[in-house]
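Accompanying notes for the structure given below.
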Amino acid sequence: MLKTILTLAVAASLAPASPVEQVVRKEWKVRGDAGHLGVREVRTARSARGRPILLLHGARVPGVASFDLPVPDGSLAADLARQGHRVFIVDARGYGASDRPPALDAPPSAHPPAVTGEQVVRDIASVVDWVRTTTGHRRVDLLGWATGGHWAAWYAGEHPDRVEHLVVLNSLYGATDGHPVLGRGSDYEDPARPGHFDDARHGAYRLATGPGLLGGWDANIPVGDKATWRDPRVAAAYVEHALASDPTSADREPPSLRAPTGAMKDSFLLATGRRLWHAGTITARTLVLRGELDFWSRPDDVTTLVADLDRARAVRAVHLERATHFAHLDRAERGRDRLLDEVLRWLR
């Protein structure tokens, strides 16, 4: 079904370059089943006809802050576009430029966890339908980071005829019970109901401040001087654009963004061994990437996912040595170059 589109802004480029290499950005609104979804297109003249790839953010920070920061080595989207890929960065409902459900405008305790995986998969379906109509391509590529990988693979399993390549980066799969941060015994578990997410405590959304956005990243970098691992300009832009993605962030002191809690409830279920979808229905060529230092996914998520991908046309699992959860935003020599090389080779 053709989706209703509102064009919000015309193309803009980061810096002067040759016509072939100039990166062009365009903001779109795509109608979903619960409002409009924000989508940023990133392309060059050379990539305008390339097969589209959708980038899917994780549980807390939306698309632009995750994939298209205006600093050197801060834009995976621009790197892909320069290599001939037409990139679409998607914000799930409740994130970034997408409409927010009413639960996010009330106190968190007033509603249960907002924006479930089922809802995000429907958002992906809306955007994929629009992208296929807009570009004329029958199939798309998907790349998801962390919870975005879980969402992307879930969609690919429900719509195998629409996905050519799938890239899953540092994501949970859910076949293993036990997690050092998210699972049983964590702050997410309901103390009165072991094995259940504590809906009442966490509510519809959580707030993330600037220091909070960097806390997990800092802890994941195994050296004291974080600047040797991560460009300070990337870290500053990440915080700036994440906070700017929420129009209410400046209404609170310190400024903070609202992140729907539904993704954390899903992640808790995955961390305690529940599968929310099964990889056995995926037919896309699938690349599974995991950083050695990642605190979110587990080695068993990779092995069980690969084992279940028995209908995929091709499967490759890559261990990114000494790479963190944020490998695509770390310095080139700290895993970013290896990650980008693996993704580009797979998409070719």
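Taking the criterion of being touching a residue at least 12 places away in the same chain (Cβ under 8 Å) and touching a strand residue (DSSP E or B) at 6+ places or on another chain (Cβ under 8 Å), the residues of the range 284-302 that qualify are A284, R285, T286, L287, V288, L289, R290, G291, E292, S297, D301, V302.
Residue-by-condition table, conditions (1) in a strand (DSSP E or B); (2) under 24 Å from R336 (Cβ atoms); (3) at pLDDT below 95:
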position	(1), (2), (3)
A156	no, no, no
H179	no, no, no
G183	no, no, yes
P191	no, no, no
A208	yes, yes, no
G216	no, yes, no
A237	no, yes, no
P247	no, no, no
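Selection of the range 218-235 for residues being in a loop (DSSP other than H, G, I, E, B) and aliphatic (A, V, I, L, M) yields I221, V223.
A quick yes/no check of all residues on (1) part of a loop (DSSP other than H, G, I, E, B); (2) at pLDDT 95 or above; (3) crowded, with 17+ Cβ neighbours inside 10 Å; (4) within 15 Å of the chain's Cα centre (by Cα):
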{"position": "S98", "(1), (2), (3), (4)": "yes, yes, yes, yes"}
{"position": "V115", "(1), (2), (3), (4)": "yes, yes, yes, yes"}
{"position": "E118", "(1), (2), (3), (4)": "no, yes, no, no"}
{"position": "V131", "(1), (2), (3), (4)": "no, yes, yes, no"}
{"position": "T134", "(1), (2), (3), (4)": "no, yes, yes, no"}
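Only one of the listed residues (A307, A332, A312, A323) is of a type in the set (A, V, I, L, M, F, W, C), over 19 Å from A156 (Cα atoms), modelled with pLDDT of 95 or more and more than 19 Å from the chain's Cα centre (by Cα). That residue is A332. Only residues that are more than 21 Å from the chain's Cα centre (by Cα) and more than 18 Å from H325 (Cβ to Cβ) were counted in the range 179-216, giving 18. Only one of the numbered conditions (1) in a loop (DSSP other than H, G, I, E, B); (2) over 15 Å from the mean Cα position of the chain (by Cα) is violated by A81, and that is (1). Set side by side, the residues G38, G58 differ, and just one is within 18 Å of the chain's Cα centre (by Cα), surrounded by 24 or more Cβ atoms within 10 Å (Cβ to Cβ) and in a strand (DSSP E or B), which is G38.
Just to verify a result, which residue in the range 277-314, among those that are farther than 30 Å from I221 by Cβ and among the aliphatic types (A, V, I, L, M), is surrounded by the fewest Cβ atoms within 10 Å (Cβ to Cβ)? Taking the candidates together, the pick is A314.
Flag: D294 matches the condition of being within 19 Å of the chain's Cα centre (by Cα), part of a loop (DSSP other than H, G, I, E, B) and either modelled with pLDDT of 95 or more or small (G, A, S) (or both). Filtering the range 223-255 down to residues that are under 29 Å from G335 (Cβ atoms) and among the hydroxyl-bearing types (S, T, Y), which residue is most open to solvent (accessible area, probe 1.4 Å)? Ranking the qualifying residues of the range 223-255, first place goes to T228.
Only one of the numbered conditions (1) open to solvent by 80 Å² or more (accessible area, probe 1.4 Å); (2) modelled with pLDDT under 50 is violated by D33, and that is (2).
Listed here are the residues, each with its yes/no results for (1) touching a residue at least 40 places away in the same chain (Cβ under 8 Å); (2) open to solvent by less than 10 Å² (accessible area, probe 1.4 Å); (3) not in a helix (DSSP H, G or I).
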site: D141; (1), (2), (3): yes, yes, yes
site: H150; (1), (2), (3): yes, yes, no
site: S171; (1), (2), (3): yes, no, yes
site: S186; (1), (2), (3): yes, no, yes
site: G212; (1), (2), (3): yes, no, no
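Could you check how many residues of the range 222-266 are aromatic (F, W, Y) and closer than 19 Å to G148 by Cβ? The total comes to 1.
Specify the residue that is nearest to A92 (Cα to Cα); the eligible residues are those in the range 152-164 that are open to solvent by 10 Å² or more (accessible area, probe 1.4 Å) and touching a strand residue (DSSP E or B) at 6+ places or on another chain (Cβ under 8 Å).
In this case the residue turns out to be R162.
The values are calculated or read from the model by the stated rules, or taken from the named source; none is laboratory data. This is a predicted model, so every value here is computed, not measured. Every residue, glycine among them, receives a Cβ derived from its backbone with ideal geometry; neighbour counts consider all protein chains shown. Areas reflect the complete protein model, heavy atoms only, side chains present, ligands, DNA and RNA absent. Shrake-Rupley method; radii C 1.70, N 1.55, O 1.52, S 1.80 Å.
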